[in-house]
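Please read the structure below before turning to the comments.
The values are calculated or read from the model by the stated rules, or taken from the named source; none is laboratory data. Values in this document were obtained by computation on a predicted structure and should not be read as measured data. Cβ coordinates were reconstructed from backbone atoms using ideal geometry, including for glycine residues, and neighbour counts include every protein chain displayed. We work out accessible area using only protein heavy atoms, side chains counted, and drop any ligands, DNA or RNA first. Shrake-Rupley method; radii C 1.70, N 1.55, O 1.52, S 1.80 Å.
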Amino acid sequence: MNDFQLTRTLDERTAETALRTDVLHGLTHTPKVLPPKWFYDARGSELFEEITRLSEYYPTRAEREILLERAREIATESGARTLVELGSGSSEKTRHLIEAMPALDTYVPVDVSESALRGAAESLLADHPGLRVHALLADFTRALRLPDSPGPRLVVFLGGTIGNLLPPERAVFLASVRAMLSPGDALLMGTDLVKDEAVLVAAYDDARGVTAEFNKNVLAVINRELGADFHTADFSHVAVWNEEQEWIEMRLRARSDLVVKIRALDLVVPFAAGEEILTEVSAKFRQEGVRKELAAAGLELTQWWTDAAGRFALSLSVADGVAG
């Protein structure tokens, strides 16, 4: 892969330190909480791919529908010669954009998984031999220094992942994205939209129990990495719609009184029957709310596309006062 370059800003020690900090803080906090990023080891990534194929889980299909329908329009509107994808994973959905961008020079995938970055680059370069791929092994929630590449740039944040951030975290994140943008650059962002509660809950609590296994995978990660003795059977998967906040909450609920030991932290964690760990928030959005959050970060929403059923949206925004 002569056209592949990888820059590391994370190493195994960074990830280990972050996990230890998150688990220590989260499981001694009231109420208990764990960040959703720890779902995604190899098994967790496999489970999430399986989730995206479930009949109940509409976001991936809805977003793909928009990309297929609007890719050429997005390419024309952005004029991008560099495509930056935050949380790129397998880069599967991004292929639709890349194929609609014949003038694209450089693709910059950003992810915490080196194996995912290398695998995606190998596949993309096989199909697009003129493309340059400069991958960043990095946490996109932290300030990023993007590699030199030709503009305009299109920063892409797909999958509705913005909804996993709490409102103050979203404000910080969007401000950091705005800081990356030069005149003429743009942000393409996926947002899941507010809809019927039954549809939303089913998407996070499927009949086959795949999402339940995915949720419990965070416990398996802590067992393996920190020497804990969680038994996944001791916890129930719970998904609820918080109407006031307009977000889904995924939780793990202790089935009985129990105690968990985490050897690497020299920590003993008691659970009362019914006590929960909040493992994920997934906010749902309305167009006006997205517009306001973008504006607060100095971004102007210029295009808004939804799937035919109006379940999901892609928005294009530019640095305030900059024409698209």
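Worth pointing out:
- Residues that are acidic (Asp, Glu) and either under 21 Å from the mean Cα position of the chain (by Cα) or open to solvent by less than 20 Å² (accessible area, probe 1.4 Å) (or both), drawn from the stretch 276-324: 280, 293, 307
- Taking residues in the stretch 65-81 that are among the β-branched types (Val, Ile, Thr), and partners anywhere that are part of a helix (DSSP H, G or I) and open to solvent by less than 60 Å² (accessible area, probe 1.4 Å), the pairs with Cβ atoms closer than 7 Å and at least 6 places apart or on different chains are 74/97.
Listed here are the residues, each with its yes/no results for (1) closer than 20 Å to residue 277 by Cα; (2) touching a His at 6+ places or on another chain (Cβ under 7 Å); (3) among the acidic types (Asp, Glu); (4) at pLDDT below 95.
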site	(1), (2), (3), (4)
191	no, no, no, no
196	no, no, yes, no
245	yes, no, no, no
248	yes, no, no, no
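- When the residues of the stretch 132-151 are filtered to those that are more than 18 Å from the chain's Cα centre (by Cα) and open to solvent by 40 Å² or more (accessible area, probe 1.4 Å), the one that is nearest to residue 52 (Cα to Cα) is 132.
- Subset of the stretch 157-187 that is polar (S, T, N, Q) and part of a helix (DSSP H, G or I) - its residue that is surrounded by the fewest Cβ atoms within 10 Å (Cβ to Cβ): 176
- Tally of residues being exposed (fewer than 15 other Cβ atoms within 10 Å of the Cβ) and part of a helix (DSSP H, G or I) across the stretch 15-47: 6
- Subset of the stretch 223-233 [open to solvent by less than 50 Å² (accessible area, probe 1.4 Å), in contact (Cβ under 8 Å) with a residue 24 or more places away in the chain and assigned to a helix (DSSP H, G or I)]: 226
- Taking the criterion of being charged (D, E, K, R), more than 25 Å from the chain's Cα centre (by Cα) and not in a strand (DSSP E or B), the residues of the stretch 234-268 that qualify are 234, 255, 257, 263, 266.
- Flag for residue 272 being under 30 Å from residue 78 (Cα atoms) and either aliphatic (A, V, I, L, M) or under 27 Å from the mean Cα position of the chain (by Cα) (or both): no
- Single condition residue 220 does not satisfy, out of (1) assigned to a helix (DSSP H, G or I); (2) of a type in the set (Gly, Ala, Ser); (3) open to solvent by 60 Å² or more (accessible area, probe 1.4 Å): (3)
- Top-ranked residue in the stretch 94-108 [being modelled with pLDDT of 95 or more and buried (at least 23 other Cβ atoms within 10 Å of the Cβ); ranked as nearest to residue 76 (Cα to Cα)]: 107
Every residue, every condition in (1) over 20 Å from residue 176 (Cβ atoms); (2) outside any loop (DSSP other than H, G, I, E, B); (3) in contact with a Ser or Thr (Cβ under 6 Å, 6 or more places away or on another chain), yes or no:
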{"site": "98", "(1), (2), (3)": "yes, yes, no"}
{"site": "103", "(1), (2), (3)": "yes, no, no"}
{"site": "109", "(1), (2), (3)": "no, yes, yes"}
{"site": "119", "(1), (2), (3)": "yes, yes, no"}
{"site": "123", "(1), (2), (3)": "yes, yes, no"}
{"site": "129", "(1), (2), (3)": "yes, no, no"}
{"site": "135", "(1), (2), (3)": "no, yes, no"}
{"site": "140", "(1), (2), (3)": "no, no, no"}
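- The residues in the stretch 237-263 that are free of Cβ contacts under 8 Å to residues at least 24 places away in the same chain and buried (at least 16 other Cβ atoms within 10 Å of the Cβ) can be counted, and the count is 1.
- Residue count for the stretch 68-93 satisfying the condition of being crowded, with 18+ Cβ neighbours inside 10 Å, under 20 Å from the mean Cα position of the chain (by Cα) and not hydroxyl-bearing (Ser, Thr, Tyr): 7.
- Whenever a residue of the stretch 191-207 is surrounded by fewer than 18 Cβ atoms within 10 Å (Cβ to Cβ), its partners that are of a type in the set (Gly, Ala, Ser), lying with C-beta atoms within less than 6 angstrom and at least six residues away or across chains, give the pairs 201/239.
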